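Here's the structure, in structure tokens; my notes come after.
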Amino acid sequence: MGRRKRRKKVVLRPKKRIPKVFMCPKCGKRTVSIKSQDDTVVVVCGNCGLKYSFQIKEGLDKVDYYGKFVDEYYKEIEGFI
Ligand SMILES: [Zn+2]
């Protein structure tokens, strides 16, 4: 009577993990991927096609390029206002 199934504790999130895909500032989907080609990093959204490329700089992480990507996008839309 009253036997309850005891659920196992949900495994805690792994330590700080960098996601493979990032959120697109334009369409809001998690479809932004970052690829490096030679000395360039290409950040592109697989959904809406928003794309920027940056020169690889030492010490910058993928996340930093994603940050630049978002900055570029906002610079662009601010330019249209
Ligand atoms: Zn997008």
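Restricting attention to region 33-56, the residues that are in contact with a helix residue (DSSP H, G or I) (Cβ under 7 Å, 6 or more places away or on another chain) and in a strand (DSSP E or B) total 5. The residues of region 10-32 that are assigned to a loop (DSSP other than H, G, I, E, B), touching a strand residue (DSSP E or B) at 6+ places or on another chain (Cβ under 8 Å) and at pLDDT 95 or above, listed by number, are M23, C24, K26, C27, K29, R30, T31.
The one condition from (1) in contact (Cβ under 8 Å) with a residue 24 or more places away in the chain; (2) within 12 Å of the ligand (Cβ to nearest atom) that T31 does not meet is (1). Mind checking which residues of region 41-66 are among the β-branched types (V, I, T) and more than 16 Å from the ligand (Cβ to nearest atom)? Passing the criteria: V41, I56, V63.
The values are calculated or read from the model by the stated rules, or taken from the named source; none is laboratory data. Computed from a predicted structure; not experimentally measured. Note: ideal-geometry Cβ built from the backbone for every residue, glycine included; neighbour counts use all protein chains shown.
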